[in-house]
1. Could you work out the relative contact order of the stretch 54-117? I mean the mean sequence separation of Cα pairs under 8 Å and 6+ apart, divided by the number of residues, in percent.
2. Enumerate the amide H contacts of V105 below 5 Å, restricted to partners 5 or more residues apart or on another chain; note that Pro and chain-start residues carry no placed amide H.
3. Output wanted: per-residue J couplings in Hz (rounded whole) for the stretch 79-96, from phi through Karplus 6.51 cos²θ - 1.76 cosθ + 1.60, θ = phi - 60°, x for Gly and Pro.
4. Using the alpha carbons of the stretch 8-127, what is the convex hull volume per residue in cubic angstrom, as a whole number?
5. Can you tally the net charge around T16? Count Lys and Arg as +1, Asp and Glu as -1, for every other residue whose Cβ sits under 15 Å from the Cβ of T16.
Amino acid sequence: YSQQVRIALAAGTVGTDGGTIQGENVSLTLQAGSLQQETVIYIYETTTGTDPELPEGSTLVGTAWAFTPHGTTFDQPITIEFDVPEGTNLVLRADDENDNSFEIVENYSVENNKATLSTNTFSVYVGSVFTPAVITGTPEQGNYLTASVSGDVPDVTFQWRRNGDNIL
C-alpha cells in the first residue's frame, strides 16, 4: 500500500451475547458466543494500494472494507455483508491494510449487488470480477483443434484431437 486511507463507517462494542454493527452499505453480525469478552469493533472504508497482487483473472471493483481490530478471531462464524457493483462475482480478502496479496474468500455469495460471507477472523474484504479463460473451437474427425484462448491467463498450449466421439 502506498498510502493508507481509512474512513470509519461504523463502530460498536459487542460482547458474548453477540450483536450487529451496521454502516451505510455494510454490516457485521456476530452470533452469541462468537466473542469471549467485550470488544470495540470498527468498520472502515479503505484503499487497496496501487499494485495489489490478485488471483489470476480477477479485477478489484467497488469499496474495500476493513474490519478491526485486525487479528480478532471468533469462536462462532460471523456474517459480513456489503454492497458491490453490478457484475461482481467474487470476493477477495487480505489480512489487513498492509497486506498487498489478496486471496479468494471460501464462504461467500453475491446476489442483488450484495456480497455475504461467513468467516472466523477480521480482514480486508473487497468485491472482484473474475473473467475465466475461454477456449473455443471443436476438432473435426482426425484433425487437431486450433483453439482461441481469451482472458487473463498465462501462456499455455492446448492440443486436442477427435477420434470418433472421443476428444483426446
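What follows is calculated from the coordinates using simple rules that are stated; it is not laboratory data. This is a predicted model, so every value here is computed, not measured. Heads up, the Cβs are rebuilt from the backbone with ideal geometry, glycines too, and the neighbour counts pull from every protein chain shown.
1. 36 percent
2. Amide H neighbours of V105: V91, L92, R93.
3. 10, 10, 10, 8, 6, 9, x, 4, x, 5, 9, 8, 10, 10, 9, 10, 4, 6
4. Convex hull of Cα atoms, per residue: 91 Å³.
5. Counting the neighbours of T16, the net charge comes to -3.
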